[in-house]
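> Provided herewith is a single structure, encoded as structure tokens, for subsequent inquiry.
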């Protein structure tokens, strides 16, 4: 049976639901008809009719006691659906017997019918309770039981009304309805899908009465099952007894029982509606959890209400009505109106409703809990044990009720029974707490976590699917709350490895007593074996591979011992990622904040995966490899678990604003006017409202330097759902116009001050000549109304809703977020379309391996039109809560170090060229606060690495990427670092090397991941996105990947020359020459050669170069003579583009001119 479908689409459940509702109507119809029959049709005295009612109740329950064991055995052995159909045929036979007895006014025959109805119920109830989990699955038990109970009691009410009306006098309606409904129940049962027998080997005892007693042993299957069974049986006994009382209470409200035939159904109305409403509310209160702290509370409230009801009955004086009898319909309406207008009437109905409401709030979750905790193969027998226990309680209740009536009279007897029911409710509350104090405490803790930390758990189905399978849970360790979070959400099926030192401390023992744990000595080599033994014993251990609580807010190193456990356990790994608790007061990292961020905790259970270490690793090497693989696994899981990647950029910024304190400064530029996160949000909303109303174009060009205004404009476009196109002001007018044509763009925003001071008027003139409207931010100051500004301020009250309204509900994370453009260093620029998911995935990937935090401050001089400057330098800090200082130019080598020092910046991003320039002009103490220096955009030279290390004691982390990958593909980290490499691929990025003829080592590097662009926009096909095939992106670089997963870039595929049939890397030639001439900028390009196909030309600035020196040096380094440049050209400077890269198009063009070729 497919249990994944919704209940409303589950044909078997709908059929069973119909069977249950028809059966509930029929049972109530029979019982109410019997009540009306003995009370009205036979005209018995109140005492005699009350005795008959209690007797009928006992006869109804005795078969349940006698035959439930047989029902359980048969149901576990055979197809439950088939048994249900046979049971409905038996119900039709009962309906015939009752109909004949009814026509003959036979008390004995009707009592026989009640007995047989009890026989049918004794089989139906355990089948009903056990078949539901098979039909719906355990994850839908609360919802299914709520629907069944609420629906049943609504039809019970209808059946009661119909039964009283039809049974009050001898007529044809009662038997016809009875037989018709029984037949409809049989038809509905035929549509229930067949069920596999739970245990075909079950022995059906012939001495079934004797087996009733032995069947009770299944109630002792576990403490949970036993106590919940007692609580449920008691609750049903209380509910049934209370329902029986109501018909007798009606006889004592008015003098001489006046109006009892009206009051009986009137009382049963709130009774049934209370059950139905309580069952419906239970599905919301308990959701997918069967037990929480409200369970005993509901029993206590029910007990208090029953005590109150006892006093109401005891002090109830018979009311008088203006007439001696009620003969007409109008008199009946007047009677009901008169009663309901009195305090006594309203009080009675409201009390009945509330009692049954809280009874249902108790019954539904306990039923679901019993079903959930009962093993499939004996579930029906446990349910039959529950039936037997409930029957025993009901029989005892009937005997007590008859005795109370005989000794104390009708009214006082009812009052005493109400008091007894109240006592039973209190006992039920105590039993509920005893079901396990742990679920109660767990539910209370969960509620506290939800209130204080907005905690929630996702992916719980992945944990539930591991039941009975060899599993090891691994989780990142962010705070002291982590163990509590796992215990709260993953329930009691897991055990915890607890250090012996902690386990021995007295103040931890009360907490540990509520969980499965085993003390483990981390210094003992046998500890690994003992943990693996836990898995062998069927337990699911949970471990924290980091071995300590993080102090950085992100992943720390993985201890090899925990990784070895995963390697040797022969179990699948179930990763659990905990986010948000690192900002709480229970974390080491959170204690670093003067103003603590608001914690929003997410516990995400990921799908299980197989963890394995290649067989070639042994000994210490295997342990280290296991540690590395475990780290990579957890980093990848952090990326996959992040909810940020499903959000938009502005949506994630709003989430950050909610986390940050209101005074947190998040943005600053050279004007030195800091902007808080809330202020940035308001400014973005105000300007976004202007763009929304004034710009019809979806694509808007931005020609702006790094500044606070540029960031606000970018975020404003994000807020209103428009797509900013970041234009490179250093690319030249021709390329700029080509970029605009590829989109195509109709409007560009810039700054008049920037254009005038930067001397870029030629760019704006070229845009205007191409029909593109140029607008200036300075002109917008007077165009944004006061109303718009005030509205933006009020949007702080409902930020996400305001954002949704402004952007028109466009929240698709896979929609375009920004358009960047390739540098044009090797051809005409192309538009690169990056989605929200592309950028946010790359941010999450960086966060997973580099310990950035809200405590960091980023200095960004990389322009926002550059992917590195946009994602890493701007959006990473804004979306993660770091402060960012925007500086307009990376070429100010003297100013940048001074501002880094003055702003206490802890992170810098830049290319090799820029970083080297900063280091040459900086004072050794200017970088005192810097924790991270990340390079990208071009190869990091050895000289730059040494300079930073010697002067500042800082290790530059070299990265590698492309605009098309948003941009970072790989990066060296403090944990995984290797000089002269591009680092390891970020988590979630796949790589492959495509062989290239003529290149023996390495291949063309292809990458795939959620950070890979949506596609290109090309000038020859404007506005049409050309996506990469199967999300694989060709980097165009030749690379090797070593056994530790570090990427070694050999050079661009286009940066290879074929000389005399051999492939020569121009990048490697440049690297060698840079070592010879470290103080001279240089570039190497290939030019045509008649003899060898191609030759190399060296351009060098600031000095001379000798071919003979190069030849001698290359020989000493073992470099082929083919790599020696044939031509050497001394120039004043090497042309660079706006991002600091060498402009090889210009270099190549100049080379071709020098040898007389046409460029």
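Results for (1) closer than 22 Å to residue 986 by Cα; (2) part of a helix (DSSP H, G or I); (3) within 36 Å of the chain's Cα centre (by Cα), shown as yes or no for each residue.
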residue	(1), (2), (3)
865	no, no, yes
878	yes, yes, yes
884	no, no, yes
890	no, no, no
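> Using the structure shown, decide if residue 336 is modelled with pLDDT under 80 and under 15 Å from residue 267 (Cα atoms).
Answer is yes for this residue.
> Right, something else. Within 23 Å of residue 1005 (Cβ to Cβ), in a helix (DSSP H, G or I), under 56 Å from the mean Cα position of the chain (by Cα) and in contact (Cβ under 8 Å) with a residue 24 or more places away in the chain: is that true of residue 1058 in this structure?
Criteria not met by residue 1058.
> When segment 900-913 is examined, which residues are found to be assigned to a helix (DSSP H, G or I) and either free of Cβ contacts under 8 Å to residues at least 12 places away in the same chain or under 17 Å from residue 886 (Cα atoms) (or both)?
Passing the criteria: 900, 901, 902.
> Scan (1) more than 33 Å from the chain's Cα centre (by Cα); (2) on the phi < 0 side of the Ramachandran plot; (3) touching a residue at least 24 places away in the same chain (Cβ under 8 Å) for the single condition residue 970 breaks and write down its number.
Of (1) more than 33 Å from the chain's Cα centre (by Cα); (2) on the phi < 0 side of the Ramachandran plot; (3) touching a residue at least 24 places away in the same chain (Cβ under 8 Å), only one is false for residue 970: (1).
> Follow-up question, since we're still on this one. Residue 427: surrounded by fewer than 24 Cβ atoms within 10 Å (Cβ to Cβ), at pLDDT 70 or above and in a helix (DSSP H, G or I), yes or no?
It is true that residue 427 is surrounded by fewer than 24 Cβ atoms within 10 Å (Cβ to Cβ), at pLDDT 70 or above and in a helix (DSSP H, G or I).
> Would you tally the residues in segment 450-483 being over 17 Å from the mean Cα position of the chain (by Cα) and farther than 21 Å from residue 552 by Cα?
Total satisfying the criteria: 10.
> Test residue 1036 against the stated conditions and say whether it is touching a residue at least 24 places away in the same chain (Cβ under 8 Å) and surrounded by 15 or more Cβ atoms within 10 Å (Cβ to Cβ).
Here the answer is yes, as residue 1036 does meet what is asked.
> Turning to a different aspect of this structure: Can you tell me which residue in segment 772-794 is farthest from the chain's Cα centre (by Cα), limited to those that are touching a residue at least 12 places away in the same chain (Cβ under 8 Å) and part of a loop (DSSP other than H, G, I, E, B)?
Filtering first and then ranking leaves 772.
> What's the number of the condition residue 666 fails, among (1) in the same structural domain as residue 892 (by TED's automatic domain parsing); (2) surrounded by 18 or more Cβ atoms within 10 Å (Cβ to Cβ); (3) part of a helix (DSSP H, G or I)?
In the conditions (1) in the same structural domain as residue 892 (by TED's automatic domain parsing); (2) surrounded by 18 or more Cβ atoms within 10 Å (Cβ to Cβ); (3) part of a helix (DSSP H, G or I), residue 666 misses (3) alone.
> Being surrounded by fewer than 24 Cβ atoms within 10 Å (Cβ to Cβ) and more than 19 Å from residue 286 (Cα to Cα) is the filter; apply it to segment 350-364 and report the residue that is modelled with the lowest pLDDT.
So the residue we want is 351.
> Tell me which residues, restricted to segment 604-627, are over 12 Å from residue 567 (Cα atoms) and touching a residue at least 40 places away in the same chain (Cβ under 8 Å).
Correct list: 604, 605, 606, 607, 608.
> Check segment 733-747 and report whether any residue there is buried (at least 21 other Cβ atoms within 10 Å of the Cβ) and modelled with pLDDT of 95 or more.
Looking through segment 733-747, none of the residues is buried (at least 21 other Cβ atoms within 10 Å of the Cβ) and modelled with pLDDT of 95 or more.
> Of all residues in segment 556-585, count the ones that are touching a helix residue (DSSP H, G or I) at 6+ places or on another chain (Cβ under 9 Å) and either farther than 30 Å from residue 537 by Cα or not assigned by TED's automatic domain parsing to the domain that holds residue 484 (or both).
So the count comes out to 7.
> How about segment 976-997: which of its residues are under 20 Å from residue 932 (Cα atoms) and under 29 Å from the mean Cα position of the chain (by Cα)?
984, 985, 986, 987
> Do we find a residue being surrounded by fewer than 21 Cβ atoms within 10 Å (Cβ to Cβ) and out of contact with any helix residue (DSSP H, G or I) (no Cβ under 8 Å at 6 or more places or on another chain) anywhere in segment 134-145?
Within segment 134-145 (the criterion being surrounded by fewer than 21 Cβ atoms within 10 Å (Cβ to Cβ) and out of contact with any helix residue (DSSP H, G or I) (no Cβ under 8 Å at 6 or more places or on another chain)), the answer is yes, since at least one residue qualifies.
> Output yes when any residue across segment 93-103 is outside any helix (DSSP H, G or I) and over 28 Å from residue 360 (Cβ atoms), and no when none is.
No: zero hits.
> Can you tell me how many residues within segment 734-762 are touching a residue at least 24 places away in the same chain (Cβ under 8 Å) and either in contact with a strand residue (DSSP E or B) (Cβ under 7 Å, 6 or more places away or on another chain) or not in a helix (DSSP H, G or I) (or both)?
Residues that pass the stated criteria total 15.
> Condition check: modelled with pLDDT under 70 and crowded, with 20+ Cβ neighbours inside 10 Å. Does residue 258 satisfy that?
Judged against the criteria, residue 258 is a match.
> Which residues, taken from segment 1016-1054, are within 15 Å of residue 989 (Cβ to Cβ) and in a loop (DSSP other than H, G, I, E, B)?
1028, 1045, 1046
The values are calculated or read from the model by the stated rules, or taken from the named source; none is laboratory data. In this text the structure is predicted, and so the values were computed from the model without any measurement. Glycine also receives a Cβ, built like all others from the backbone with ideal geometry; neighbour counts cover every protein chain displayed.
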